[in-house]
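Novice: Sharing a structure with you now.
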Amino acid sequence: MEKINVLVLPSDQSGVGKFRSVDPHVKLQNMYPNDFHVDIDYNPRIGDINYWKNYQIVHFHRNIGQDYDNCVKIIEDLKSMGIVVVADIDDYWLPTPEHPIHLLILQNKIHEKIKNNLKASSYVITTTEIFADEIKKINKNVVVFPNAIDPKDPQFNEVTNPSDKIRVGWLGGSSHLHDLKLLDGMVSKLGQVQDKLQFFVCGFDTRGQVTEINQQTGQKTQRPIRPEETVWVKYEEIFTNHYKIITPKYREYLNTFTENDYNGVDKENYVRVWTRPVNTYAKNYSKFDISLAPIKNHVFNRMKSQLKVIEAGFYKKALIASNVGPYTIDLKHALKNGEFTDGNALLVDEHRNHGDWAKYVKKLVNNPNMITDLGERLYETVKDRYDLNNVTKERAEFYKSLIK
């Protein structure tokens with residue numbers, strides 16, 4: 001059989017492009033060089049028919065190019081040429097109103113355009129069976145290829161140094177304020193064990209713009225955001241109990257928003273960790289022992305992937321997570337009547353957000369061996385199912401079936 005030519009059109013050069021488009025197809029090319037030829041293009045030549053005709057499969061994430069209005073026509077044109085068009089989507093098309101880009105998507109009807117793209121495509125690939133069931137209302141041809149990790153990727157092989165404190169961390173982006181608000185008050189409930197704990201917020205970032213509106217003229221202007229205005233300061237307030245668990249001198253340092261090292265940070269109860277590029281961000285998991293994954297229970301979060309479970313598992317970290325959506329796929333609660341069971345994580349029910357985050361952290365502080373045990377169990381859960389090599393084998397068989 002001749003090689004199958006696959007054209008991959010990532011939506012960006014950062015997170016989602018890496019996990020959903022680039023890494024899976026680079027691995028496909030490397031594992032099956034005699035079966036596939038893969039091209040990855042961030043700027044496809046939309047109107048050039050000769051550009052497309054050499055490919056049997058075109059894979060895109062959410063949209064082809066930047067013009068949402070013409071994507072359906074492009075998909076139909078490609079299908080008329082005999083090309084199999086595969087859409088990939090990893091997030092629900094309409095974020096909730098509290099999300100920073102909700103209004104932008106609503107005003108431009110981007111969610112409707114994404115749904116039209118999915119409907120027009122030959123097949124849709126997504127991350128979980130939960131999301132797949134939702135997408136099948138639009139397009140019956142849905143296949144699940146989860147986010148996956150190459151176990152040889154250096155950023156998932158960083159050594160965790162020993163510490164006399166139990167380190168609790170959260171790693172994420174700037175759109176999670178309402179998720180992290182589920183932890184508000186957690187630190188204040190841990191006073192009895194605070195001297196044994198150290199909290200980490202990873203991904204701290206002061207870049208961005210603020211839009212200001214003149215109330216008299218309605219004119220909009222943009223300016224660089226001031227560091228103290230960023231959502232990351234609000235994250236920090238949650239994890240420091242409004243800075244009550246750190247020394248005054250350290251707070252002065254944090255208020256300078258410098259990335260220079262702070263002498264004596266190891267003795268503090270909180271550590272700020274600045275953002276890293278997408279190809280090294282996961283090294284931050286090596287900084288802590290317990291990973292937190294709080295998410296509010298709404299449709300956007302229920303359709304998300306279980307990437308935080310996978311990442312924590314590959315790093316053998318104990319995980320405390322919301323008992324919601326994607327975190328119900330692989331996780332089994334490890335407590336019953338206050339005693340540890342054979343589960344692989346600690347799950348917080350929605351009606352227990354006010355107390356169980358602190359309760360479970362305290363439980364692990366008082367049973368430190370379970371931190372190691374839960375990490376090992378989680379690793380055993382994810383190490384084969386979410387190994388990029390194994391997921392790539394499934395993808396190769398799927399792509400071959402499309403051409404047959």
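Novice: Can you tell me which residues in region 314-353 are in contact with a Ser or Thr (Cβ under 6 Å, 6 or more places away or on another chain), of a type outside the set (Lys, Arg) and more than 24 Å from LEU94 (Cβ to Cβ)?
Specialist: LEU319, ASP330, ALA334, ASN344, VAL348
Novice: Does ASP356 qualify as being closer than 23 Å to ASP23 by Cα and either more than 16 Å from the chain's Cα centre (by Cα) or modelled with pLDDT under 95 (or both)?
Specialist: no
Novice: Take the conditions in a helix (DSSP H, G or I), touching a residue at least 60 places away in the same chain (Cβ under 8 Å) and not assigned by TED's automatic domain parsing to the domain that holds SER21 and apply them to VAL361. Does it pass?
Specialist: Judged against the criteria, VAL361 is a match.
Novice: Would you confirm whether or not region 313-335 contains a residue that is closer than 26 Å to LYS165 by Cβ, modelled with pLDDT under 95 and surrounded by fewer than 18 Cβ atoms within 10 Å (Cβ to Cβ)?
Specialist: Taking every residue of region 313-335 in turn, none turns out to be closer than 26 Å to LYS165 by Cβ, modelled with pLDDT under 95 and surrounded by fewer than 18 Cβ atoms within 10 Å (Cβ to Cβ).
Novice: With respect to GLY203, determine if the residue is outside any helix (DSSP H, G or I) and within 25 Å of the chain's Cα centre (by Cα).
Specialist: yes
Novice: Every residue in region 102-125 that is farther than 28 Å from VAL58 by Cα and either surrounded by 17 or more Cβ atoms within 10 Å (Cβ to Cβ) or in contact with a Pro (Cβ under 6 Å, 6 or more places away or on another chain) (or both), please.
Specialist: Of everything in region 102-125, just one residue is farther than 28 Å from VAL58 by Cα and either surrounded by 17 or more Cβ atoms within 10 Å (Cβ to Cβ) or in contact with a Pro (Cβ under 6 Å, 6 or more places away or on another chain) (or both), namely HIS102.
Novice: Quick one: GLU380 ticks every box in (1) in contact (Cβ under 8 Å) with a residue 40 or more places away in the chain; (2) closer than 21 Å to VAL309 by Cβ; (3) assigned to a helix (DSSP H, G or I) bar one, so which box is it?
Specialist: Of everything listed in (1) in contact (Cβ under 8 Å) with a residue 40 or more places away in the chain; (2) closer than 21 Å to VAL309 by Cβ; (3) assigned to a helix (DSSP H, G or I), GLU380 misses just condition (1).
Novice: So the check is Cβ under 6 Å with 6+ separation or different chains; which pairs have a first residue in region 240-267 that's in contact (Cβ under 8 Å) with a residue 12 or more places away in the chain and assigned by TED's automatic domain parsing to the domain that holds LYS196 and a second one that's in a helix (DSSP H, G or I) and among the hydrophobic types (A, V, I, L, M, F, W, C)?
Specialist: As it stands, the answer is ASN241/VAL187, since those pairs meet every condition given.
Novice: Next up: Can you name every residue in region 218-234 that is modelled with pLDDT of 90 or more and either assigned to a loop (DSSP other than H, G, I, E, B) or surrounded by 13 or more Cβ atoms within 10 Å (Cβ to Cβ) (or both)?
Specialist: Matches in region 218-234: ILE225, ARG226, PRO227, GLU229, THR230, VAL231, TRP232, VAL233, LYS234.
Novice: Oh, and also: Would you mention how many residues in region 163-194 are out of contact with any helix residue (DSSP H, G or I) (no Cβ under 9 Å at 6 or more places or on another chain) and either at pLDDT 95 or above or not assigned by TED's automatic domain parsing to the domain that holds ALA358 (or both)?
Specialist: Final tally of qualifying residues: 1.
Novice: Given the criteria in contact (Cβ under 8 Å) with a residue 40 or more places away in the chain and touching a strand residue (DSSP E or B) at 6+ places or on another chain (Cβ under 9 Å), does GLN198 qualify?
Specialist: When the stated conditions are applied, GLN198 passes them.
Novice: Counting only residues that are of a type in the set (D, E, K, R) and more than 26 Å from LYS189 (Cβ to Cβ), how many does region 222-269 have?
Specialist: So the count comes out to 7.
Novice: ILE371: touching a strand residue (DSSP E or B) at 6+ places or on another chain (Cβ under 7 Å), aliphatic (A, V, I, L, M) and surrounded by fewer than 16 Cβ atoms within 10 Å (Cβ to Cβ), yes or no?
Specialist: It is false that ILE371 is touching a strand residue (DSSP E or B) at 6+ places or on another chain (Cβ under 7 Å), aliphatic (A, V, I, L, M) and surrounded by fewer than 16 Cβ atoms within 10 Å (Cβ to Cβ).
Novice: Count, please, the residues in region 50-64 that happen to be surrounded by fewer than 13 Cβ atoms within 10 Å (Cβ to Cβ) and without any contact (Cβ under 8 Å) to a residue 24 or more places away in the chain.
Specialist: 1
Novice: Out of the residues in region 66-101 that are within 21 Å of the chain's Cα centre (by Cα) and among the hydroxyl-bearing types (Ser, Thr, Tyr), which is surrounded by the most Cβ atoms within 10 Å (Cβ to Cβ)?
Specialist: Within region 66-101, the match that is surrounded by the most Cβ atoms within 10 Å (Cβ to Cβ) is TYR92.
The values are calculated or read from the model by the stated rules, or taken from the named source; none is laboratory data. Note that the structure is predicted; figures quoted are calculated from it, not measured. With ideal geometry, Cβ positions are generated from the backbone for all residues, glycine too; neighbour counts draw on all protein chains shown.
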